[in-house]
Amino acid sequence: MDDSGLGAAGVQLLTAQGERVEHPDFSLSLTNDECRGLLRDMTLVRRLDAEATALQRQGELGLWASCLGQEAAQVGSARAMAASDYAFPTYREHGVAWVRGVPPLDMLAMLRGVTNGGWDPNRYRCAPSTIVIGNQVLHAVGYAMGIQLDGSQDATVGYFGDGATAQGDVNEAFVFAAVFNAPVVFLCQNNQWAISQPADRQTRTPLFERAAGFGFPGIRVDGNDVLAVMAVTRYALERARAGDGPTLIEAYTYRMAAHTTSDDPTRYREAAELEAWRQRDPIERLSIHLMAEGIVDDVFLEGLEQEAEELGELIRAGVRSMPDPEPRAMFDHVYAERHPEIDAQRDELDTYLASFVEEGVR
Amino acid sequence: MAGIDGNEPHQMTMAQALNLGLRRALERDSKTVLFGEDIGRLGGVFRVTDGLQKDFGEHRVIDAPLAESGIVGAAVGLAIRGYRPVLEMQFDGFVYPAFDQIVSQVAKLRRRTEGAIGMPITIRIPYGGGIGAVEHHSESPEAYFAHTPGLRVLSPSDPQAAFVTIQQAIASDDPVIYLEPKRRYWDKGSVDDSVDPLDLAATPDPWRARTLRAGSDVTVVCYGPMVRTCLEAARASSEVSIEVIDLQSLSPVDYDAIVASVERTARLVVVHEASRNAGLGAEIAARISERCFTVLEAPVMRVTGYDVPYPPNRLEEFFLPDLDRVLDGVDRVMSY
């Protein structure tokens, strides 16, 4: 019996012990390569996350919001998406950005402080990570409305957390998506904590049940079960493409690290809780399952470890050698069209900086 | 100059001119969509979008649920998808729920994505007082938006300017806060609809101020609803020759035009309905003192709304600058 709080409604295809189970409504059939791919994605995302956390500790990044423990919810949902679908992530969705093909160093550039963004969203069909809680969920709905206007079969996935469900924007997004029957999947990772506040300070009802009040289905899934997340997200995306409108998925998971590197979770939660969730680790359970099925072996896992080492090296070297932008770059792309104030103030900064050169200071 | 039916320019209200401009924008670009509360079936509470849903369809003129942040947030997604949304905030006092999406997302996404994503969104807001409205229906929020990098702010003052600049705002690849002076919606004026607003060689630059009346003694800078008031004041002034400049663009402000005028008149009065503290007038006074310090014969004076919440409408005539208060401001700079 799962004691995570997932409950009987929670869809599971892989138990915390790595045992494959069937579900009456959701099935998933993957090739061995796809299975190995999921394990690879999650393992490499965890390494990326660990490297970024370490780099922050060394003063190389200003901040990092770890996705430790949420790899299955992110990788499983993002792998369910088609290339032409569009993801709208928060600042914690490194696993989503990874699956969408965003280069690791691009994910770290904003936290390094060299850009306010990091990647071309249209290239990866993955919006910039959004920090204001809940804003991006409306963007996912608006984009989905555009898909409808185009008569296209694309869909969007709007990511957010349990804390964001208190935000007006998320509730407005639910209303708009329902009213316009927009092809959007609401992917809520309930990681149990909104910084220091537990989920029961965010809601009095299970989050997935809220969907009914807005007029579309809500499904709870074991967010640490990559297979179940993928199966449920595929189902929701198919509904969207078929013109059946939005679905809310509550991926029941756990934020195993601090909210960000600036946070100290020992002030508000018990070590025993973390330990209990460690026993439900998303990567460990998939690895056990795939080993038992003979889909991966020690040679594969050693190769993966080697690949993770190389990724870590690339990230460490890449972050440290990331060039600072030129000061005048802050004036670029503020406006699309010529703007006299921007031009004048760029010249003002240039002149000011040049005065130091003339004085031999720089 | 050919009009709608190939004849003379037409007399129409500002609301009608805006309607015609929106119609042209919808005809011009199939990616332009109108989105807002009650804009379709009803035609908008001020009828600015009257008939457009009937003529262009529910997929081009979209009635939104009653949620302003939702409207602007969804428009961000539409813009990422390649659409050019034109939004209506029903009243000035109702834009604040959307303030977060406007300043955090609309204003910043181009910069955040280094130009990969544009936000060609026009946000129409009926603003200002003078119509005897109830609480939250008479506000002048322009300074909030003018203060926000990444936004442009426009306000037309007559039907012709409305017809032209609404189309220019929509065509702009930058987000534009388009402030419509609601007390002037019913003012009639001549509209030459044969002009192509996107032909900048033939049409005035929307980001430039317009000198509407030449004068030699004092420059009066105004915009939106105060333009008519200031023109009336200038005409009423027999002793002092008043030059009236309509800013039209509140961000960026065309300071060169003000400087050129003040270099001749040496005196400046800035007039707006909005409260005084940290308003547009404060910024303009600072800029002109920087650039015209040795020319000025008097400090820059402001004639504005007071620093109080917009009063109940029985008192609004005392809050809003009128002809006499404008002339009082002129007297103060002349007698300094």
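Results for (1) small (G, A, S); (2) in contact with a Leu (Cβ under 6 Å, 6 or more places away or on another chain); (3) within 11 Å of chain A (Cβ to nearest Cβ), shown as yes or no for each residue.
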residue: B:A116; (1), (2), (3): yes, no, yes
residue: B:Q167; (1), (2), (3): no, no, no
residue: B:L179; (1), (2), (3): no, no, no
residue: B:A202; (1), (2), (3): yes, no, no
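Please find, within region A:142-190, the residue that is farthest from the other protein chains (Cβ to nearest Cβ) out of those that are polar (S, T, N, Q) and either under 15 Å from the mean Cα position of the chain (by Cα) or farther than 24 Å from B:G82 by Cα (or both).
A:N190
Identify all residues within region A:246-275 that are over 15 Å from A:L187 (Cβ atoms), in contact (Cβ under 8 Å) with a residue 40 or more places away in the chain and assigned to a loop (DSSP other than H, G, I, E, B); write none if there are none.
A:Y254, A:R255, A:M256, A:A257, A:A258, A:H259, A:T260, A:T261, A:S262, A:D263, A:Y268, A:R269
Considering each residue of region A:326-338, count those that are surrounded by fewer than 15 Cβ atoms within 10 Å (Cβ to Cβ), within 10 Å of chain B (Cβ to nearest Cβ) and not basic (K, R), and give that number.
Residues flagged as surrounded by fewer than 15 Cβ atoms within 10 Å (Cβ to Cβ), within 10 Å of chain B (Cβ to nearest Cβ) and not basic (K, R) within region A:326-338 amount to 2.
Would you confirm, using the coordinates I've provided, whether A:E302 is assigned to a helix (DSSP H, G or I) and either in contact with a strand residue (DSSP E or B) (Cβ under 8 Å, 6 or more places away or on another chain) or touching a residue at least 24 places away in the same chain (Cβ under 8 Å) (or both)?
So A:E302 fails the test.
When residues of region A:235-268 are filtered for being surrounded by fewer than 19 Cβ atoms within 10 Å (Cβ to Cβ) and within 29 Å of A:A178 (Cβ to Cβ), how many remain?
Selection size over region A:235-268: 6.
Exactly one condition in (1) touching a helix residue (DSSP H, G or I) at 6+ places or on another chain (Cβ under 7 Å); (2) surrounded by fewer than 19 Cβ atoms within 10 Å (Cβ to Cβ); (3) more than 30 Å from A:D200 (Cα to Cα) is not met by A:P103; state its number.
(1)
Taking the conditions exactly as written (under 23 Å from B:V259 (Cα atoms) and surrounded by 15 or more Cβ atoms within 10 Å (Cβ to Cβ)), does B:L280 satisfy them or not?
Judged against the criteria, B:L280 is a match.
Name the one entry in A:R285, A:R280, A:R316 that is assigned to a loop (DSSP other than H, G, I, E, B) and more than 14 Å from chain B (Cβ to nearest Cβ).
Only one candidate passes the filter, namely A:R280.
Does B:S238 satisfy the criteria of being out of contact with any Ser or Thr (no Cβ under 7 Å at 6 or more places or on another chain) and under 15 Å from B:V326 (Cα atoms)?
yes
Each row is one residue, and each column tells you yes or no for (1) crowded, with 21+ Cβ neighbours inside 10 Å; (2) closer than 19 Å to B:A17 by Cβ; (3) aliphatic (A, V, I, L, M).
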{"position": "B:P126", "(1), (2), (3)": "yes, yes, no"}
{"position": "B:F145", "(1), (2), (3)": "yes, no, no"}
{"position": "B:Q160", "(1), (2), (3)": "no, yes, no"}
{"position": "B:S190", "(1), (2), (3)": "no, yes, no"}
{"position": "B:S194", "(1), (2), (3)": "no, yes, no"}
{"position": "B:V220", "(1), (2), (3)": "yes, no, yes"}
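Touching a residue at least 60 places away in the same chain (Cβ under 8 Å), more than 14 Å from every other protein chain (Cβ to nearest Cβ), crowded, with 16+ Cβ neighbours inside 10 Å and not β-branched (V, I, T): is that true of B:L22 in this structure?
yes
Could you grab the pairs with beta carbons closer than 7 Å, sequence gap of 6+ or different chains, first residue in region A:339-360 and more than 10 Å from chain B (Cβ to nearest Cβ) and part of a helix (DSSP H, G or I), second one surrounded by fewer than 12 Cβ atoms within 10 Å (Cβ to Cβ) and of a type outside the set (G, A, S)?
Every condition considered, the pairs that remain are A:F356/A:R362.
Anything in region A:145-194 that is acidic (D, E) and crowded, with 24+ Cβ neighbours inside 10 Å? List them, or say none.
Within region A:145-194, A:D162, A:D169, A:E172 meet the criteria.
Among the residues of region A:220-230, is any crowded, with 21+ Cβ neighbours inside 10 Å, β-branched (V, I, T) and part of a helix (DSSP H, G or I)?
So far as region A:220-230 goes, yes, one or more of its residues are crowded, with 21+ Cβ neighbours inside 10 Å, β-branched (V, I, T) and part of a helix (DSSP H, G or I).
How many residues are in contact with a Lys or Arg (Cβ under 8 Å, 6 or more places away or on another chain), not in a helix (DSSP H, G or I) and not small (G, A, S) if we restrict to region A:32-80?
The number of residues fulfilling the criteria is 5.
Search region A:144-161 for residues being in a loop (DSSP other than H, G, I, E, B) and touching an Asp or Glu at 6+ places or on another chain (Cβ under 8 Å), and hand back the single one that is farthest from A:N191 (Cα to Cα).
A:D154
Tally the residues that are more than 8 Å from chain B (Cβ to nearest Cβ) and surrounded by fewer than 19 Cβ atoms within 10 Å (Cβ to Cβ), restricting the search to region A:126-141.
1
Every number here is computed from the coordinates shown, using simple stated rules; none is lab data. This is a predicted model, so every value here is computed, not measured. Here the Cβ is made from the backbone with ideal geometry for all residues, glycine too, and neighbour counts use every protein chain on show.
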